[in-house]
1. Would you confirm whether any residue within the stretch 334-344 is surrounded by fewer than 17 Cβ atoms within 10 Å (Cβ to Cβ) and part of a helix (DSSP H, G or I)?
2. Of everything in the stretch 57-106, what is modelled with pLDDT of 90 or more, in a helix (DSSP H, G or I) and more than 21 Å from MET24 (Cα to Cα)? Give them in sequence order.
3. Quick check on the stretch 405-415: of everything there that is of a type outside the set (A, V, I, L, M, F, W, C) and in contact with an Asp or Glu (Cβ under 9 Å, 6 or more places away or on another chain), which residue is nearest to SER275 (Cα to Cα)?
4. Among the listed residues GLU418, GLU365, GLU432, identify the single one that is within 21 Å of ALA193 (Cβ to Cβ) and in contact with a Leu (Cβ under 6 Å, 6 or more places away or on another chain).
5. For the stretch 271-297, give me the residue count where each residue is hydrophobic (A, V, I, L, M, F, W, C), under 28 Å from TRP327 (Cβ atoms) and in contact with a Ser or Thr (Cβ under 9 Å, 6 or more places away or on another chain).
6. Could you tell me how many of the residues in the stretch 411-451 are among the β-branched types (Val, Ile, Thr), more than 31 Å from the chain's Cα centre (by Cα) and closer than 17 Å to ARG358 by Cβ?
7. Mind listing whichever residues of the stretch 47-83 are surrounded by fewer than 20 Cβ atoms within 10 Å (Cβ to Cβ) and either assigned by TED's automatic domain parsing to the domain that holds LEU245 or more than 24 Å from the chain's Cα centre (by Cα) (or both)?
8. For residues that are modelled with pLDDT under 90 and assigned to a helix (DSSP H, G or I), scanning just the stretch 122-145, find the one that is surrounded by the most Cβ atoms within 10 Å (Cβ to Cβ).
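The values are calculated or read from the model by the stated rules, or taken from the named source; none is laboratory data. This structure is a prediction, so every number in the text was calculated from the model and none was measured. Ideal geometry is used to build each Cβ from the backbone, glycine not excepted, and the neighbour counts take in all protein chains shown.
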Amino acid sequence: MVTASILDAREARWNRRRRKASAMPPGRVLVTFTLRMPSSLRLDDRRNSFGKPLFDSLLRFFDRMGMTVTEEEYLVGGDGPEGYCLVLGGADEVKRGAVHFEENHPWGDLADVDIMDGALRCVERRASDLPPRRCYVCGGTASECIVARAHTVEETNRCVLEILERPAPKKGRSISSLAAKAAEALLFETAAAPKPGLVDPLTNGAHKDMDYFTFLRSAAALAPWWEVFVQLGWDFGGEEPAQLLPLLRARGLEAERAMLAATGGVNTHKGLIFSLGILCAAAGNLAAADVPVTDQTCSAYAARIVQGIVERDFSGLEKKADARRTWGERLYLRYGATGIRGEVEQGFPSVLNHGLPRLRSDLSEGTSLNDALVNCLLTLCTVTEDTNVLARGGPEGSRLVRDGAAKVLALGGAGSPEGREATFALDRALTERNISPGGSADLLAVTVFLWLLSP
């Protein structure tokens, strides 16, 4: 039964919404959160204790979608839990995000997320061409069930308990542990030495605008972003993997800005943000679905995320003025080089077929981690289509890198005296010619990440 006190509480909530929406800065919308269940259950502390965790999940969801959240408030009023926040974005865009949360979060059936714009307009699903809300008791149209009072409190209560038995989002540990492996992989790649032509703790290689500490600053700035990418994959549900790419690219641009701010405008890891960010999202999606996260499953899902990227990104380049073409576009037209796009779309064949086997083999034979990492890099240099090398040295530079790396490995690799001497000699040769195998270095970090997933 809806009592007078509950009606008063609902009126107070409505007035609170209007006051908050009227006072919003331009460009923001008001999000109101309540629990979708009979008032007798909303007012039962045993049944509504999940309200705050669910509201917090909603806030994190908007943040991961790139929608800035401010002025959040959560309280328990006379009609049960209610939460408020302001979100930067268009009302229809935020509504679509709210519907995605309601339909994909394990407890989303119990969340009622309403949107109000600055004109005090409540954004309805039908106005945004979204399907009607379904009843979690019978699967019919929720509004019709409410009007007809189709279900008893006992039926609804039973369904609420069943929904709450669904696995909750695995906080922190799974998501943060996957992200930590990405951060660790980046640090391992940064610290390995000597890396011919590349920045390492010993030399700056072919780079005059960066050093080892520039890379450490970059790695620190990017550390929080790996969790963002994992979480995006985790929350994506069962949709087509390719639909993840626009979301990842949008957040990738933000990560790139964080990197440039930390390095003073120096591009240290732009390519790696793309490749490792996609792998993080793939790992998150697999983990959320309880699919084993291995080098094979992760790289295969990453390929599905970018499916068709080479054709899409490089089509129609002939009509584009050369001055407006990127280096990657010019190299594609000149040499047919697909670079990291092609590597990811094919499921990282250089890593799975060459980098990982070499790393695992060396470590199993007792090679130090540093020397195994260097040998892995050199192995990748012999097979990778490195657009950084092509851009700086052309085909001749590519041959120099491939042949030099093969020579080092033939002499026993970084762990042998002859191989180490040849590594330093290759570093001098590449530095003199201003050649840096940065694409191979990015794939070394990718290799380490996949190795850490399934060593």
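1. Yes; the residues of the stretch 334-344 include at least one that is surrounded by fewer than 17 Cβ atoms within 10 Å (Cβ to Cβ) and part of a helix (DSSP H, G or I).
2. Within the stretch 57-106, VAL99, GLU102 qualify.
3. It comes out as GLY413.
4. Checking each option against the conditions leaves just GLU418.
5. The number of residues fulfilling the criteria is 2.
6. 1
7. ASN48, SER49, PHE50, LYS52, GLU71, GLU72, GLU73, TYR74, LEU75, VAL76, GLY77, GLY78, listed by residue number.
8. Result: SER128.
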